1. Take residue 120, project a point 7 Å from its Cα along the Cβ direction, then tell me which residues of region 162-199 have their backbone nitrogen under 19 Å from it.
2. At what distance in nm do the modelled label points of residue 113 and residue 39 sit from each other, each positioned 7 Å from its Cα along Cα→Cβ?
3. Would you please put 172-185, 119-132 in order of how densely packed they are, using the mean number of other Cβ atoms within 10 angstrom per residue and starting with the highest?
4. With an 8 Å Cα cut-off and a minimum separation of 6 or more residues, compute the relative contact order for region 29-202 in percent.
5. Can you classify region 29-202 as rounded, prolate or oblate using the Cα gyration tensor, where a ≥ b ≥ c are the square roots of its eigenvalues, rounded means a/c under 1.5, and otherwise it's prolate if a/b beats b/c and oblate if not?
6. Compute the FRET efficiency between residue 130 and residue 59 as 1/(1 + (r/R0)^6), taking r as their Cβ-Cβ distance and R0 = 30 Å, and round to the nearest 0.05.
7. Given 0.36 nm per residue, what is the gain on full extension from residue 162 to residue 147 after removing their alpha carbon distance, in nm?
8. Take the alpha carbon atoms of region 164-203, find their center, do the same for region 113-148, and report the distance between the two centers in whole angstrom.
């Protein structure tokens, strides 16, 4: 069961987190699952080849959603205030975005100490998975592709097709999701602290 903060019951209940809406989940089959995990290990290895600190396959039930993540997204991020391409939700509702994640069975959680390298890596893994036949593969990661962001300078994005949505816009509690997988994730206290950045690749 996916964990959800229910402080605003009359709004958050509309998300229907625990319902399988609009897609079919096949029955659990241990033998099939083992073969699938062996096949998906390719993407874990791909992440390591791309110098990521760690990567592992998780399921939607391992992702923790919290409406407070959306609170931080909308009032704690200047990009949302400016309505830049980096945080545009493309007229989708919170419920729709969560259902998008729930429609997948296997998701790659990627850990890095470098925000820009992570943004590049999840796109590369998405492209690899697509080429392997996972035509719905899709990365979720706040865009840090360019050293100097043209959008932040008031210009047009040179690669809008590479911009992927931010995890907070999906209501993902990245801290709790990472920690429950035994991965480090804490608030930085100073500039010398090691950064722990996370991205997701929805595979199949």
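Readers should treat all values here as calculations from the given coordinates under stated rules, not as data from a laboratory. Being a predicted model, the structure only gives us computed values, none of them experimental. Counting neighbours? That spans all protein chains shown, and the Cβs are built from the backbone with ideal geometry, glycine included.
1. Answer for this model: 162-164, 195-199.
2. 3.5
3. The peptides rank, most packed first, as 119-132, 172-185.
4. Relative contact order of region 29-202: 32 percent.
5. Here region 29-202 falls in the rounded category.
6. Computed FRET efficiency for residue 130 and residue 59: 0.90.
7. Contour length minus Cα-Cα distance gives 3.9 nm.
8. If you average the Cα positions of each part, the centres end up 15 Å apart.
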